[in-house]
1. Does L283 fit the bill of being free of Cβ contacts under 8 Å to residues at least 60 places away in the same chain, assigned to a helix (DSSP H, G or I) and open to solvent by 10 Å² or more (accessible area, probe 1.4 Å)?
2. Taking the range 58-82, which residues are open to solvent by 30 Å² or more (accessible area, probe 1.4 Å) and of a type in the set (A, V, I, L, M)?
3. Within the group G185, G158, which residue is surrounded by fewer than 20 Cβ atoms within 10 Å (Cβ to Cβ), of a type in the set (G, A, S) and more than 21 Å from the chain's Cα centre (by Cα)?
4. Consider L321 carefully, then state whether it is farther than 22 Å from N146 by Cα and either open to solvent by 30 Å² or more (accessible area, probe 1.4 Å) or part of a helix (DSSP H, G or I) (or both).
5. So in the range 377-388, with the set limited to residues that are among the aliphatic types (A, V, I, L, M) and open to solvent by less than 30 Å² (accessible area, probe 1.4 Å), which one is farthest from Y326 (Cα to Cα)?
6. Is there any pair with a first residue in the range 90-111 that is in a loop (DSSP other than H, G, I, E, B) and a second that is surrounded by fewer than 18 Cβ atoms within 10 Å (Cβ to Cβ) whose Cβ atoms are under 9 Å apart and which are 6 or more apart or on different chains, and what are they?
7. Restricting to the range 25-57, what's the tally of residues that are open to solvent by 10 Å² or more (accessible area, probe 1.4 Å) and among the polar types (S, T, N, Q)?
Amino acid sequence: MSTGTGADSAPGHTSTPNAAPADRKNSMFSSLRIRNYRLFATGQAVSNTGTWMQRIAQDWLVLSLTGSASAVGITIALQFLPMLLFGLYGGVLADRLPKRPLLIATQGAMGLTGVALAVLTLAGHVHVWHVYLAAFVLGLVTVVDNPARQTFVPEMVGPSQLANAVSLNSANFQSARLVGPAIAGVLITAVGSGWAFLLNGLSFAAPIAALLMMRTAELHPVAPQPRAKGQLREGLRYVAGRPELIWPIVLVGFIGTFGFNFPIWLSAFVSEVFHGDAGTYGLFNTLIAAGSLAGALLAARRGQARLRLLVTAAALFGGLLLVTAYAPGFWLFAALLVPVGMFGLTVNVVANSSVQLATDPEMRGRVMALFMMVFTGGTPVGAPLVGWITDTYGARVGMASGGLVSLAAALGVAVVLSRVGNLRLSVNRRGVTFVPSARRDEMVAAA
């Protein structure tokens, strides 16, 4: 987001000019050639499947216990509240501590959380406050796990494969989203939510084993930062001085807070609009996952993160939410969830990779903690509000409100970028792009 001729690209690429030719030669799965990353991806595929099983089971259990979309929103809010309160401190820890041992500890703690909830549910003693507490504890662990996991990726693959690996991480997560909800729907219908929680807890053995099997000599470790005063403020100042970091974070903050509330909307559509069951809820999540997987794979193939793609994908995501909210029939609604998932995931991947590539390695933990704090930490504010709107005015109005905010945020960031960067919109055969004002004047004069 510089003001030069490359203003429509993530500036992180300009800091590694030698990486660009290699990126163009990369295949869609090029980072999987690296053994350590291949182990990591395999372990994550197993635990991600378990995570999606628990998400579906958790949402459905809360809805069954309370009959309220607002209660689902409270559960989501409690899971992400620690990120809002302590997210930046998690980034400081990720910069200070070796990533691999830290991840072994956090993955083990997350597994124990799933097992504890399974025991309560299978014993028939689960209450909604138990689910709330489990969600909050899981959120506390995620405060450290998320920035550590995000910043461990470049240590496994190096800078030349970072964009591809970030995209494949998202593809991995969304592939699990295709399988997890389907398994959860069958388990909930057949034997109850407790077994989904148990399988999720046990699934964390896979990433722990993968981390233990890695060849440490093949990593690209970043030296842990020594403990010092003011490291949190240092991270904030670092971001504040770089527009190429601020505006992707602002955009995903609005979309993460108001546009990614699918558990609330989909559970409400299932129960209020289409009068379905847990299988219907699983189907809707699977369709969003299919679109998200397509978006992640396209991003992996693309290899570059451009500002115009980020803004365009965000605008299309918001617009599609509005259209989907008022889809008149079941199958049209279901079909529209696929492109909604695709453009939503594109926003996430493009913003994530552009921010990581534009950040110095020693600051990456704190910057990515801020990114995730804004992206997911806004959920404690957005989820209860969106849940209240959904309960009060209905599922369609609830989803439409999220789409309207996402669309407005995309258009607002586009306008701000054009003013801050002294850019203007240019319409040509390549589409709508941002160009510096002087360059546009030259183009007009030449015409």
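1. no
2. L65, I74, L78, L81
3. Result of the check over G185, G158: G158.
4. yes
5. A383
6. As it stands, the answer is L97/P224; P98/P221; P98/P224, since those pairs meet every condition given.
7. Here the count works out to 8.
Residues checked against (1) open to solvent by 10 Å² or more (accessible area, probe 1.4 Å); (2) more than 28 Å from D277 (Cα to Cα); (3) among the small types (G, A, S):
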| site | (1), (2), (3) |
| --- | --- |
| V115 | yes, no, no |
| A118 | no, no, yes |
| H125 | yes, no, no |
| A135 | no, no, yes |
| V141 | yes, yes, no |
| V153 | no, yes, no |
| S167 | no, yes, yes |
| V179 | yes, no, no |
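The values are calculated or read from the model by the stated rules, or taken from the named source; none is laboratory data. None of the values given here were measured: they were computed from a predicted structure. Glycine also receives a Cβ, built like all others from the backbone with ideal geometry; neighbour counts cover every protein chain displayed. What goes into the accessible areas is simple: the full protein's heavy atoms, side chains included, and nothing from ligands, DNA or RNA. Shrake-Rupley method; radii C 1.70, N 1.55, O 1.52, S 1.80 Å.
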